[in-house]
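Colleague: Once you've had a glance at the structure underneath, I'll fire off some questions.
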Amino acid sequence: MDETKLMDFVNKAVGDAGALLAGSMVVLGDRLGFFRAMAGAGPVTSGELAATTGTAERHVREWLAAQAAVGYITYVGEGRFVLPDEHAVALTQETSPAFVVGLFETVLGAAHATDRIADAIRSGQGMLWSDQDSHVHTGCERFFRPAYVNYLTQAWIPGMDGVAGRLEAGIGVADVGCGLGASTIRLAQVYPRSRFTGIDPHEGSLDAARKEASDAGVGDRITFERATAKELTGSYGLITFFDCLHDLGDPVGALRSVREHLDHDGSVLVVEPIAGDSLEDNLNPVGAVYYGCSTLLCTPNALAQEADVVLGTQAGEARLTDVAREAGFSRIRRVGESPFNMALELRP
């Protein structure tokens, strides 16, 4: 037994336990307005932060210490703490590509399913997305929305063959697995002459999406319907899958079905979590997050459906290309990426 190696691992495990708790601390800091109050405020005491946010000082004091211990905020002495400007971007600016609170919220929600996922692993059954904690639904929307705001219409759509021009002129668009509607709403805001249909099997998410669309002033150009990819109707110039194809129990069947609903020059945009094509390529911090989410969220959701092909969150471009070809698409190419996503254009 290598005692040094053993203790190195124990120290790593303790650090990981601290990171697990840090996620809860981040969600608390977001919900209670601590990060927003500290952003740009310089050094503050627990009493000052409590007074600013209308919270109890003794609780706040412990939260500050916990966040200082993991390095999210900095203790500067004499009971004062500061939120570095760079950290404030990641913790308060919801449209920044660096925003991470949504990721923490997703992971916190996913952890609630631990006992049920243990049962599912024993039985081989799955767990539907709709049965997950609500933090998963709102967290995923907050995590992926910055990519849609910063890359979707600035890089991914322009990278497709003629699609930007068609959207500007006006076409029908179907957003499969639209969730809370962040992607659908973004497209509707940028392309006012096109009309949009968002479909998702989770009625709770659709209700939230309808409200978000109305608040954004685009509710008159978006229809949200409870449906799956195989239940899609109509003809569209663009059909999109944003971070959801890997969640489906039959991704080949889903793509094959939507291909029948493309117009004569239609395209499919598939946005998926960034991943290499081998396990070795994904043994890194991003892969650790995505494989963990895949174990608790994505794979169980797929296994709760037809489970013909279970991609998992780290499928990689080569595997996704194989799935698209099997579904009848002959032209597949990457049109963009972000730190957490890749975007593929599919054409028949």
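The values are calculated or read from the model by the stated rules, or taken from the named source; none is laboratory data. It should be emphasised that the depicted structure is a prediction, and the values quoted were computed from it without experimental measurement. No Cβ is skipped: glycine too gets one built from the backbone with ideal geometry, and neighbour counts run over all protein chains shown. Side chains are part of the model used for accessible areas, which takes the heavy atoms of the whole protein and leaves out ligands, DNA and RNA. Shrake-Rupley method; radii C 1.70, N 1.55, O 1.52, S 1.80 Å.
Colleague: Taking H as built 1.01 Å from N, whose amide H comes closer than 5 Å to the amide H of residue 236, not counting residues under 5 places away?
Modeller: Correct list: 262, 263.
Colleague: What residues have an amide H closer than 5 Å to that of residue 344, excluding those fewer than 5 places away on the same chain, when H is modeled at 1.01 Å from N in the peptide plane?
Modeller: Here 270, 271, 272, 335 satisfy the definition.
Colleague: Taking θ as phi - 60°, what are the ³J(HN,Hα) couplings along segment 77-86 by the Karplus curve (6.51, -1.76, 1.60), each to the nearest whole Hz, with x for Gly and Pro?
Modeller: x, 6, x, 10, 10, 10, 9, x, 4, 5
Colleague: Using θ = phi - 60° and the Karplus form 6.51 cos²θ - 1.76 cosθ + 1.60, what ³J(HN,Hα) does each residue of segment 198-207 get, whole Hz, x for Gly and Pro?
Modeller: 3J(HN,Hα) across segment 198-207, in whole Hz: x, 10, 6, x, 9, 5, x, 5, 5, 4.
Colleague: Related question: Return the sequence-ordered ³J(HN,Hα) values of segment 177-184 in whole Hz as given by the Karplus equation 6.51 cos²θ - 1.76 cosθ + 1.60 applied to θ = phi - 60°, using x for Gly and Pro.
Modeller: With the stated coefficients, segment 177-184 comes to x, 6, x, 7, x, 4, 5, 4 Hz.
Colleague: List the residues whose amide H sits under 5 Å from the amide H of residue 178, counting only those 5 or more places along or on another chain, with H placed 1.01 Å from N in the peptide plane.
Modeller: 199, 200
Colleague: Let me ask you something else. Please report the carbon-and-sulfur percent of the accessible area for the chain; probe 1.4 Å, protein heavy atoms only, DNA, RNA and ligands left out.
Modeller: 54
Colleague: Order 338, 278, most accessible first, counting only protein heavy atoms with a 1.4 angstrom probe.
Modeller: Final ranking, largest accessible area leading: 278, 338.
Colleague: Would you check the accessible area of residue 2, probe 1.4 Å, heavy atoms only, in square angstrom rounded to 10?
Modeller: 90
Colleague: Once you charge only the Cβ atoms, +1 for Lys and Arg and -1 for Asp and Glu, what is the size of the charge dipole of segment 197-300 about its Cα centre, to the nearest 20 debye?
Modeller: I would put it at about 180 debye.
Colleague: While we're looking at this one, here's another question. Place a +1 charge on the Cβ of each Lys and Arg in segment 263-330 and a -1 charge on the Cβ of each Asp and Glu, then give the dipole magnitude about the Cα centre in debye, rounded to the nearest 20.
Modeller: For this selection, approximately 240 debye.
Colleague: Which of rounded, prolate, oblate describes segment 88-173, given a ≥ b ≥ c as roots of the alpha-carbon gyration tensor eigenvalues and a/c under 1.5 marking rounded, otherwise prolate only if a/b is larger than b/c?
Modeller: oblate
Colleague: For 347, 221, 334, what's the largest-to-smallest order of accessible area, 1.4 Å probe?
Modeller: 334, 221, 347
Colleague: Please compute the per residue accessible area over the chain with all protein chains in place, 1.4 Å probe, rounded to a whole number of Å².
Modeller: With the other protein chains kept in place, the chain gives 45 Å² per residue.
Colleague: Would you tally the net charge around residue 11, using a Cβ to Cβ cut-off of less than 13 Å, leaving residue 11 out, and scoring K and R as +1, D and E as -1?
Modeller: Combined, the nearby Lys, Arg, Asp and Glu give -1.
Colleague: Taking 7 Å along the Cα-to-C-beta vector as the label spot, tell me the residue 16-residue 277 distance in nanometres, rounded to one decimal.
Modeller: Rounded to a tenth, the inter-label distance reads 3.0 nm.
Colleague: Out of all DSSP beta bridges with both ends in the chain, state the antiparallel percent to the nearest 5.
Modeller: So the antiparallel bridges amount to about 45 percent of the total.
Colleague: Dipole of the chain, Cα-centred, from +1 at each Lys and Arg C-beta and -1 at each Asp and Glu C-beta, to the nearest 20 debye?
Modeller: 600
Colleague: Related question: What figure in square angstrom, to the nearest 10, would you give for the accessible area of residue 280 with a 1.4 Å probe?
Modeller: Approximately 140 Å² for this residue.
Colleague: Just going by the charge dipole of segment 223-348, with Lys and Arg at +1 and Asp and Glu at -1 on Cβ, which of 237, 294, 341 is farthest out on the positive end?
Modeller: With unit charges placed on the Cβ atoms, the residue in question is 237.
Colleague: Pop a pseudo-label 7 angstrom from the Cα along the beta-carbon direction at both residue 233 and residue 93 and give the gap in nm to one decimal.
Modeller: 4.5
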